[in-house]
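My structure is below; once you've seen it, I'll send some questions.
The values are calculated or read from the model by the stated rules, or taken from the named source; none is laboratory data. Computed from a predicted model, the values in this text were never measured in an experiment. Glycine also receives a Cβ, built like all others from the backbone with ideal geometry; neighbour counts cover every protein chain displayed. In case anyone asks, the SASA skips ligands and DNA or RNA and just uses the protein heavy atoms, side chains included. Shrake-Rupley method; radii C 1.70, N 1.55, O 1.52, S 1.80 Å.
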Amino acid sequence: MGVRGAATKLHISPSAAAAGRRPAFLPLVAVLLLCCASYLLGVWHHGGFSSSPSRSPAVSIATAVACTTATTPRKTPSTRSDSPALDFSPHHTAANELATAAASSGSSAAAARRFPACDVKYSEYTPCEDVARSLRYPRDRLVYRERHCPARREERLRCLVPAPAGYRSPFPWPQSRDVAWFANVPHKELTVEKAVQNWIRVDGDKLRFPGGGTMFPHGADAYIDDIGKLIPLHDGSIRTALDTGCGVASWGAYLLSRDILAMSFAPRDSHEAQVQFALERGVPAMIGVLASNRLTYPARAFDMAHCSRCLIPWHLYDGLYLIEVDRVLRPGGYWILSGPPINWKKYWKGWERTKEDLNAEQQAIEAVARSLCWTKIKESGDIAVWQKPANHVKCKVARKAKSPPFCSNKNPDAAWYDKMEACITPLPEVSGANDVAGGAVKKWPQRLTCRAAQGRQRQRPRRDGEVVRAGHGAVAEAGPALQVGGQPVGAEGRYRNVLDMNARLGGFAAAMAGDPVWVMNMVPTVGGNTSTLGAIYERGLIGSYQDWCEGMSTYPRTYDLIHADSVFTLYKNRCEMETILLEMDRILRPEGTVIIRDDVDMLVKIKSLADGMRWDSQIVDHEDGPLVREKLLLVVKTYWTAQDQDQ
């Protein structure tokens, strides 16, 4: 159809249609003129039309624009005061993220904050077992020796706990089992009080641990061999143990060579620093006491519990303390007792007690054990052993009038400031009288990776493979420039005592199971994941509950490596970030390492505080690459002591 035909159909005159074919030159000319005017105006705005003979107009324009990372734009005389400078530097490096976060939160002053050193009198400060604060609480049943944390912000230390003068890096394992530097734990009380019992002795600038104990003066090895004649210690069926009133933890120290991992605890009492000695030796231990609160472990956690003259009144308070041991023992687990009143006919004079008193105490203990349906395996020499039943089928049938009732509490694992109860924690139901309640656990080391027995909601941790890369061996790969004394932070043999602040299912510890380290797996009491601690124990690992808004029940400088996976995100808006960081600094040894895994924005904020804590740190990418928001902050605590606190 021609133009004329189309115009006729649309009722357009032919002359008008022909005019539509004429080029529209006027709009094009107008646009061209506007572009030229804009260009000329821009040239005039950035330096005018008079340039020096040595520079072209283009060079004048380029040099008039500041290309600097300074906060205040650099101006030339020809630059207008309201003209912003262009910044071509990268804005998403760790350093720039840090500066951006500080500026956006109005905390540029906080980013430069330097935390002061505490007075030297706080070099062994334990915030929740503070001796002065404990005097406010009742002495009945040793309640004053339980956890009593600072209630108000002004009571908390806001400073860095110093190491004592002359502090030195501990001896490597296994040498550390037998020797430590006196300057690190400068206490002689036990060397005098326990001199004849071979607990500890001073040897020049060192402390020696002969491996003795009150009830094993011939050494822990010989004592453990005697126990091994009564129960199976060598076939892997016993992996986790609890040592109540542990002293310097020689029993736990010598069990390690038998692949048995003991959680040792003792109060902070007149035996000054006994738990600190244990940790300095590289042996798992915590400050703790059987008083009114439950032990901070889940039900059915330990394969074996032990008391060697631990001075716990097992027969008093309706057997409450033995009932608590029953709660944390696994079905079929063992309780070992040596010391008063066992073998009282031989020792009653040395114990300075009457035969009648000691006999009555033993009979009372035997009665409590029977009420719990325990079976006495054997009493041989100074050692007596009882066994918890594999299930409660017969126990429920043969109830006696004086037996404690079964607990109605539906959460036997609850153990964070929960009070002990004079009732038996019921075991899971079984289909047959010979079945193990909750299901039988495989022997070590198969139990580390096997599927859970019934009764525990657990699966194989999905992050085991990941934490192998994030473990101490991978730190050197992730941050080779982060070194101490010329050695990378991941150097072999650098670590012994390891803390996982958010252990989940124990994947980090499982990844390090073949290394000469032990891991304290802490499960936070917030976030709804406390049930995983039971699964951790089923794997043959150890740990405890912990609220990181409070201090941990341990001495300063007790861990070589701290792993914090999403801890700060978990505690966001629950407590101040610096509260957690200062606690981490307290329990970390000089030249120790921290691995903090979290969202990059959180890590930037953490680093802004860490830079004022005498920490060397750097943010590195996630194992899966730079596009993952989760990153790692690698930290090394610098070496300094009370002598250097003002420097």
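With unit charges on the beta carbon (Lys/Arg positive, Asp/Glu negative), name the residue among Ile580, Ala511, His563 whose Cα is farthest towards the positive pole of the charge dipole of segment 502-597.
After comparing all options, I get Ala511.
Say each of Leu40 and Val202 gets a label point 7 Å from the Cα, pointing the same way as Cα to Cβ; how far apart are those two points in nm?
Label-label distance for Leu40 and Val202, simple model: 9.5 nm.
Given contacts defined as C-alpha pairs under 8 Å and at least six residues apart, what's the relative contact order of segment 175-398, whole-number percent? Could the numbers behind the result be given before it?
Working: 391 pairs, mean separation 34.1, N = 224.
With pairs under 8 Å counted, the relative contact order is 15 percent.
Further question on the same structure: Calculated FRET efficiency, Glu576 and Leu627, Cβ-Cβ r, R0 25 Å, to nearest 0.05? Kindly include the intermediate steps, with their values, before the conclusion.
Working: r = 31 Å, r/R0 = 1.25.
Using R0 = 25 Å, I get an efficiency of 0.20.
Grab the other residues whose beta carbon is less than 15 angstrom from that of Met613, score K and R as +1, D and E as -1, and report the net. Intermediate values should be presented prior to the final figure.
Working: positive: Arg113, Arg114, Arg158, Arg557, Arg586, Arg589, Lys605, Lys607, Arg614, Lys637; negative: Glu576, Glu578, Glu583, Asp585, Glu591, Asp611, Asp616, Asp644.
It works out to a net charge of +2.
Separate question: Taking H as built 1.01 Å from N, whose amide H comes closer than 5 Å to the amide H of Lys206, not counting residues under 5 places away?
Long-range HN contacts for Lys206: Phe182.
Put a dot 7 Å past each Cα toward the Cβ at Ala367 and Val526; how far apart are the dots in nm?
My value for the distance between the label points is 4.7 nm.
How big is segment 295-389 by the Kirkwood estimate over distinct Cα pairs, in Å?
Working: mean 1/r = 0.0737 Å⁻¹.
Kirkwood radius, segment 295-389: 13.6 Å.
Per the 1.4 Å probe, what fraction of the accessible area of segment 196-294, in percent, lies on carbon and sulfur atoms?
Values: 1300 of 2820 Å².
Of all accessible area on segment 196-294, carbon and sulfur atoms account for 46 percent.
In segment 131-174, which residues have a backbone nitrogen under 20 Å from the label point lying 7 Å from Lys188's Cα in the Cα-to-Cβ direction?
It comes to 164-168, nothing else.
Heavy-atom accessible area per residue, segment 243-332, 1.4 Å probe: how many Å²?
Working: 1700 Å² over 90 residues.
Using a 1.4 Å probe on heavy atoms only, each residue of segment 243-332 averages 19 Å².
When the chain is fully extended, how far beyond the present Cα-Cα distance does Ser431 get from Asp259, taking 0.36 nm per residue of separation?
Numbers: separation 172, 0.36 × 172 = 61.92 nm, distance 3.24 nm.
Value of the extension gain: 58.7 nm.
Right, next: According to the Kirkwood expression over distinct Cα-Cα pairs, how big is the hydrodynamic radius of segment 510-647, in Å?
Details: mean 1/r = 0.0620 Å⁻¹.
In segment 510-647 this quantity evaluates to 16.1 Å.
In Å, the Kirkwood hydrodynamic radius of segment 175-398 over pairs of distinct alpha carbons? Let's see the in-between values first.
On the way: mean 1/r = 0.0555 Å⁻¹.
It is 18.0 Å.
I've got another one for you. Relative contact order of segment 121-240: what whole-number percent is it, with Cα pairs under 8 angstrom and at least 6 residues apart? Don't skip to the answer; put the middle values down first.
Working: 118 pairs, mean separation 16.8, N = 120.
It comes to 14 percent, rounded to a whole number.
Mind ranking 232-244, 371-383 by how tightly packed they are, going by the mean number of other C-beta atoms within 10 angstrom, highest first? Could you put the intermediate results ahead of the total?
On the way: 232-244: 20.2, 371-383: 16.5.
Top to bottom by mean Cβ count within 10 Å: 232-244, 371-383.
How many nm separate the modelled label positions at Asp269 and Lys376, each set 7 Å beyond the Cα in the direction of the Cβ?
Output for this residue pair reads 2.5 nm.
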